[in-house]
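Asks: Next up is a structure, given as structure tokens.
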Amino acid sequence: MRQFDETMIFGEEDFPEALEQKIKPWIKEHLEEGYIHSHDGTRLHYHCAVNPEEIGAVAFSHGFCEFVSKYHEIMYYFYQMGYSVFFVEYRGHGFSQRYVEELDRVYVKDYQEYVEDLDALVRQVMMERSLSKKYFLYAHSMGGCIATLYLEQHPEVFQSAILSAPLLQMNFGKVPEWTVGILMMWSRIAKWDLRYVPGQKGFDNVYVFATSSAQSETRYSYVFSERQREPHYTSYGGTYAWTVASVRAIKKAHKDAGKIKTPILLFQAGRDTMVKPEGQNRFVQETKQTRMVRFEDSKHEIFNALEEVRKPYYKNIFEFLNEHS
């Protein structure tokens with residue numbers, strides 16, 4: 001086991017230099033990429049870095065409209081702490097296969113498709129390449145809902161799991177949920193599957209740090225520049241089909257939460273505008289082995305919060321992993 005040292009976490013001003021001098025060279029030397037196929041033949045793009053001194057293997061389950069670049073820093077930290085890292089871009093994201101023409105429009109029929117994508121990464125790459133055969137799961141936002149469904153269906157795979165601001169109740173703002181329910185039903189009747197839901201749109205190259213889910217502007221800037229650099233990273237707006245699938249997945253995640261046997265560390269953000277805390281609170285009550293840590297002053301992306309949040313965030317993560325190795 002390696003002891004966590006908070007000085008390894010790059011500060012706000014240090015991040016740009018660390019990105020160029022440490023993270024990017026690590027990516028070039030260690031991070032491999034390739035393609036696998038999901039259960040239905042969907043072509044999936046994955047990345048992995050196998051640590052020759054591996055103490056555990058970590059599978060990543062990313063959030064809505066995300067891609068591998070957003071997790072470069074996190075994967076770097078896991079690797080430095082002795083873990084191998086395995087990352088798949090879910091269908092409709094990054095360089096994985098899409099079922100709509102526009103690169104920025106997110107569509108999925110059912111979250112079970114995402115669950116099968118994660119399983120493809122686990123069984124075709126992680127289990128084949130891992131040296132320790134000790135498996136852990138890190139998931140954020142939408143990826144947290146996917147991870148929850150996965151843990152319910154495959155309780156034997158992971159030794160422990162980390163859910164960071166998981167999507168366990170959607171935040172529709174001031175719109176009443178009964179109104180949302182009617183709109184979702186009508187969208188199916190009217191065949192609006194590929195339309196953007198109200199408030200969603202395609203990528204417009206507008207820099208919106210102030211209203212984003214991040215508090216570290218240097219990290220937001222890096223992700224934004226990656227979107228501008230690579231069209232495949234412009235997934236940006238949710239369709240009616242994705243929204244309906246999300247609502248159904250959340251209901252299923254709560255319904256079957258009792259099937260989970262894996263120890264879970266759940267992080268909650270006090271200033272989260274993307275997901276509601278009530279769903280996370282309910283999930284903690286529905287499972288017997290979930291520990292929750294709340295960061296009152298963090299926005300949705302806790303890994304892109306201010307330094308006073310990020311350091312204890314990672315400290316909690318690595319102490320939890322050591323505890324369940």
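Asks: Under 10 Å, Cα contacts only: if you run a Gaussian network model on the chain, which one of GLY199, GLY11, GLY56 comes out with the highest mean-square fluctuation?
Replies: Per the Cα network of the chain with a 10 Å cutoff, GLY199 tops the list.
Asks: How big is the C-alpha Rg of region 30-107 next to the rule-of-thumb value 2.2 N^0.38 Å, as a ratio?
Replies: 1.16
Asks: Another question, if that's okay. Sticking with the crude label model, points 7 Å out along Cα→Cβ, report the distance from MET8 to TYR35 in nm, one decimal please.
Replies: The two pseudo-label positions are separated by 3.5 nm.
Asks: Could you work out the relative contact order of the chain? I mean the mean sequence separation of Cα pairs under 8 Å and 6+ apart, divided by the number of residues, in percent.
Replies: After rounding, I find 21 percent.
Asks: Amide H to amide H under 5 Å from SER298: which residues, 5+ apart in sequence or cross-chain, H placed 1.01 Å off N in plane?
Replies: Amide H neighbours of SER298, under 5 Å, 5+ apart: GLY270, ARG271.
Asks: I've got another one for you. How about region 254-298: which trypsin sites (Lys or Arg not before Pro) there are in a DSSP loop, with at most 14 other Cβ atoms within 10 Å of their Cβ?
Replies: Passing sites in region 254-298 are LYS261, ARG271, LYS288.
Asks: So what is the calculated 222 nm ellipticity per residue for the chain, using -39500 (n - 2.57) for each DSSP H run with n of 4 or more, over all residues, to the nearest 500 deg cm²/dmol?
Replies: -10500 deg cm²/dmol
Asks: Another question about this same structure. How far is helix 240-255 tilted, in degrees, relative to the longest principal axis of the Cα atoms in the chain, given as a value from 0 to 90 rounded to the nearest 10?
Replies: 70 degrees
Asks: Between ASP110 and LYS28, what is the label-point separation in nm under the 7 Å Cα-to-beta-carbon projection?
Replies: Distance between the two pseudo-spin positions: 4.6 nm.
Asks: Using θ = phi - 60° and the Karplus relation 6.51 cos²θ - 1.76 cosθ + 1.60, list the HN-Hα couplings for region 191-203 in order, rounded to whole Hz, with x at every Gly or Pro.
Replies: For region 191-203, the Karplus curve yields 6, 8, 3, 8, 6, 5, 6, x, x, 9, 7, x, 5 Hz.
Asks: Please report Rg (one decimal) and Dmax (integer) in Å for the Cα set of region 244-300.
Replies: Reported Rg and Dmax, both Å: 11.9, 32.
Asks: What does the C-alpha gyration tensor say about the overall shape of region 133-216? Classify as rounded when a/c is under 1.5, otherwise prolate if a/b is larger than b/c, or oblate.
Replies: Oblate.
Asks: Report the one residue of SER325, VAL206, SER225 whose Cα lies farthest in the direction of the positive end of the charge dipole of region 193-325 (charges on C-beta: Lys and Arg +1, Asp and Glu -1; origin at the Cα centre).
Replies: My answer, from the dipole projection, is SER325.
Asks: For LYS255, list the lysines whose Cα falls under 29 Å from its own Cα; do not include residues on the same chain fewer than 8 positions away.
Replies: LYS109, LYS134, LYS174, LYS191, LYS276, LYS288, LYS299
Asks: Per residue of region 142-147, in order, report the coupling 6.51 cos²θ - 1.76 cosθ + 1.60 (Karplus, θ = phi - 60°) as ³J(HN,Hα) in whole Hz, putting x for Gly and Pro.
Replies: After applying 6.51 cos²θ - 1.76 cosθ + 1.60, I find 3, x, x, 5, 4, 4 Hz.
Asks: Taking the Cα centre as origin and putting +1 on Lys and Arg beta-carbons and -1 on Asp and Glu beta-carbons, what dipole magnitude results for region 150-260, to the nearest 20 debye? Working shown, then result.
Replies: Numbers: 13 positive and 9 negative charges, 76 e Å.
That gives region 150-260 a dipole magnitude of about 360 debye.
Asks: Top to bottom by accessible area (1.4 Å), largest first, where do GLU307, GLU6, GLU73 land?
Replies: GLU6, GLU307, GLU73
Asks: Here's a follow-up. Within the chain, what percent of beta bridges assigned by DSSP are antiparallel, to the nearest 5? Display every interim value, and only then the final one.
Replies: Values: 13 of 40 bridges.
Around 30 percent antiparallel, to the nearest 5.
Asks: With charges only on Cβ, +1 for K and R and -1 for D and E, what is the dipole size of the chain about its Cα centre, in debye, rounded to 20? Walk me through the intermediate numbers first.
Replies: Values: 38 positive and 44 negative charges, 234 e Å.
My answer is approximately 1120 debye.
Asks: Return the long-range amide H neighbours of MET292 (sequence gap of 5 or more, or a different chain), with a cut-off of under 5 Å between placed amide H atoms.
Replies: Result for MET292 returns LEU266.
Asks: Right, here's the next one. Could you run the Karplus curve 6.51 cos²θ - 1.76 cosθ + 1.60 with θ = phi - 60° over region 59-65 and give me ³J(HN,Hα) per residue in whole Hz, x for Gly and Pro?
Replies: These are the phi-based 3J(HN,Hα) values: 8, 9, 10, 7, x, 4, 6 Hz.
Asks: Here's something else I'd like to know. Quick one: helix 277-286 against the long Cα principal axis of the chain, what's the angle to the nearest 10°, folded into 0 to 90?
Replies: That helix lies at roughly 70 degrees to the long axis.
Asks: Go through 117-127, 216-226 and give me the packing order, highest mean Cβ count within 10 Å leading.
Replies: Put in order of decreasing packing, that is 117-127, 216-226.
The values are calculated or read from the model by the stated rules, or taken from the named source; none is laboratory data. Predicted model, so just to flag it, every value in this text is computed and none were measured. No Cβ is skipped: glycine too gets one built from the backbone with ideal geometry, and neighbour counts run over all protein chains shown. The area values use the complete protein model at the heavy-atom level, side chains included, leaving out ligands, DNA and RNA. Shrake-Rupley method; radii C 1.70, N 1.55, O 1.52, S 1.80 Å.
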